[in-house]
Amino acid sequence: MADFLLAAAAVVLALVALGLVRVARGPEEADRIMAAQLLGTGGIAVLLLLAQAVAMPGVVDVALVLGLLAAFISVAFAKAAGHRVADDPARAGRE
Amino acid sequence: MSLAFALDAILGLAVLAVAAWTIVARDAFAAIVGFVAFGLLLALVWVRLAAPDVALTEAAIGSGVTGGLLVAACSHLRGDAAAAGIEQPRAILRLAAAVACVVVTAGLAAIVLLLPDPAPTLAPQAAAQLAQTGLGNPVTAVLMAYRAIDTLLEVVVLLLALVGIWSLAPDRFWGGRPGLRQHEDPNGMLVFLARLLPPLGVLVGIHLFWVGAVAPGGEFQGATVLAAMWLLAMMAGLVDAPPIDRRWLRLALVAGPAVFLAIGLAGFAVAGAFLAYPPDHAKLLIVIIETPVTLSIAATLGLLVAGPPERAPPG
Amino acid sequence: MRLVLDALTIAAVSAGAFFFLAGTVGLLRFPDALSRLHALTKADNLGLGLIVFGLLFQAEGPLTALKLIGVWLLALLAGAVVTQLIALAARPDGPPA
């Protein structure tokens, strides 16, 4: 079971790390924030799987803190991105 | 190839790739997103290195709060692309920085890889004296008992950083409120989140602070969660940043370092050295220090991200 | 009994990993920011939810199980709101006419 959970953690990690390509490619700010958000959720999943696979105290707390701080930073990003779009004359007023 | 090695290899490669991209990214906002992603991955690395206390701190301060600070700075730059562009360092400087980084990394790698097996360590002595401190978490024992002087200096450094940020304000704004007034739709999603999440976050923050005595956690991690929840409420416009000349605010900021320093100086009289604790009361003194320190750090971190005052004080 | 619990964990965690796969593929291959956001929410909700559900069968006690569910609910709440905010940042003028 520990082996399976480790393998699942590796798979989820590989997937969300791959998703980070979206941070590089963009093209909009929203795309980059999205990829970071996926990394946050994937990170939580990896931590919960690791907490069960390797008996280490406090890893679930790390997942909890990751969730809270990911929410905080995503809100900060979304607000900043909204201001950027509004300020950029080429993009504001589109659609 | 074992599964653990595969997991660690993926993690290592991802960390290196994200770091490399963050350095060469052109757009400041994109680079900040990359930096936060780097911090999240680094927290996973710390867990794989069996250091959940450091992972907590990295996820909270290294990634979350520092990310908030950088985003705030980026927002201030947004109208000023030309001014930011002038500051591009010359190629020779960048090359020198790259060479210096490679040399330091190679040196660290050499030291770690060439350590004798078993490596020299003070861990057994630290664990042996744990009972005297009354704590169950050796990391907290190091931070608050064996090397409390370092923690005191860290707390003071945070306060000095805040004073530095406040000094960036123009004279006419001194004493005013940090940041601009946030206007958010009172029926919108952000206000909903800012009403629902902070109570839970405060519980988690207090839990982390309290459980740090026996499990991964401690006052820095708990305080950061508290600060993040305060900042969330500020971003949603539910609370306004306090004017920086308020007495209660300044009291909250210095209460932690002041109590820490006072107990440290009292250590001369009671136990013979600065920050020495009498053996029977070590745990009690540590809790007495940690409680105001948590409050002070939460206030300091929140105000650090809120930034220098941008509004004139009333009256 | 142990075998049944283990089988349930393996099934649920595998399903959760599959949703993460769907979310990543969507994030990388969908043509438009809003459709990518749609794929993201599937990974957020179902991916993490199924993994937490699978881990519940391996938890040592009710306290651990409650903590796991708590983490999932937090991710659910944060994810729901943050995706709305990201959508607002992507399309500040609302949906295309």
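Read-outs throughout are calculated quantities, based only on the coordinates presented, and are distinct from any laboratory measurement. These figures come from a predicted structure and were not determined experimentally. Cβ sites come from the backbone with ideal geometry, for glycine too, and all protein chains shown count toward neighbours.
May I have the convex hull volume per residue, in Å³, for the Cα set of the stretch C:2-90?
Output value, Cα hull per residue: 63 Å³.
Indicate the helices, whole DSSP H runs only, in chain B that combine a mean Kyte-Doolittle hydropathy of 0.5 or more with a Cα extent along their long axis of 18 angstrom or more.
Flagged H segments are B:3-24, B:28-48, B:91-113, B:148-166, B:189-211, B:219-235, B:247-271, B:282-306.
In 10 Å bins starting at 0, how do the alpha-carbon pair distances of chain B split up by percent?
5, 20, 29, 26, 15, 4, 0
So how do B:Cys101, B:Cys74 line up by other beta-carbon neighbours within 10 Å, fewest first?
By the 10 Å Cβ count, ascending, the order reads B:Cys101, B:Cys74.
Given the peptides B:49-58, B:305-314, B:17-26, B:213-222, arrange them by the average over their residues of other C-beta atoms within 10 Å, most packed first.
Averaged packing, sorted descending, gives the order B:213-222, B:49-58, B:305-314, B:17-26.
Which whole-angstrom value gives the distance between the alpha carbon centres of the stretch B:206-245 and the stretch A:21-85?
The stretch B:206-245 and the stretch A:21-85 have Cα centres spaced 19 Å from each other.
Output the peptides B:191-198, C:58-65 sorted from most to least packed, where packing is the average of other Cβ atoms within 10 Å over each peptide's residues.
Averaged packing, sorted descending, gives the order B:191-198, C:58-65.
Where does helix C:62-90 land angle-wise versus the long Cα axis of chain C, in degrees 0 to 90, nearest 10?
10
Could you work out the local net charge near B:Gly237, counting Lys and Arg as +1, Asp and Glu as -1, over the other residues with Cβ closer than 13 Å to its Cβ?
Result for the neighbourhood of B:Gly237: +1.
Which lysines have a Cα lying under 23 Å from the Cα of C:Lys67, excluding residues fewer than 8 positions away in the same chain?
Counting by Cα, and skipping residues close in sequence, C:Lys67 has these lysines nearby: C:Lys42.
Give me a single rounded figure for C:69-77: the average over its residues of other chain Cβ atoms within 10 Å of their Cβ.
Per-residue shielding by partner chains comes out at 6.
Treat the count of other C-beta atoms within 10 Å as a stand-in for reagent exposure and order A:Asp87, B:Asp280 from fewest to most.
Ascending Cβ contact count within 10 Å gives the list B:Asp280, A:Asp87.
When a footprinting reagent is the concern and you count Cβ atoms within 10 Å, what order do B:Trp174, B:Trp248, B:Trp166 take, fewest first?
So the ranking, lowest neighbour count to highest, is B:Trp248, B:Trp174, B:Trp166.
Taking only C-alpha pairs under 8 Å that are 6+ residues apart, what is the relative contact order of chain B in percent?
Once normalised by length, the contact order is 21 percent.
In degrees, nearest 10, range 0 to 90: what is the angle between the Cα axis of helix C:33-42 and the longest Cα principal axis of chain C?
Taking Cα atoms only, the helix is inclined about 10 degrees.
Tell me the angle of helix A:29-53 to the major Cα principal axis of chain A, expressed in degrees between 0 and 90 and rounded to the nearest ten.
10
All other residues with a Cβ under 14 Å from the Cβ of A:Ala53 taken together, and with Lys, Arg as +1 and Asp, Glu as -1, what is their net charge?
Overall, the nearby charge balance is -3.
By how many nm would the segment from B:Ala109 to B:Leu122 lengthen if fully extended, with 0.36 nm per residue of separation less the alpha-carbon distance?
Between B:Ala109 and B:Leu122, full extension yields an extra 2.6 nm.
Largest first and to the nearest Å, give the Cα extent of chain A along each principal axis.
Sorted largest first, the three principal extents are 55, 23, 17 Å.
Can you pull the mean other chain C-beta count within 10 Å for peptide B:133-142?
0
Could you name the aspartates and glutamates in cross-link range of A:Lys79, using Cα to Cα under 16 Å and dropping any fewer than eight places away on the same chain?
List returned: A:Glu28, A:Glu29, A:Asp31, A:Asp87, A:Asp88, B:Glu184, B:Asp185, C:Asp93.
Classify the stretch B:1-86: rounded, prolate or oblate, from the alpha-carbon gyration tensor (a ≥ b ≥ c, eigenvalue square roots; a/c under 1.5 rounded; otherwise prolate if a/b is larger than b/c)?
Here the stretch B:1-86 falls in the oblate category.
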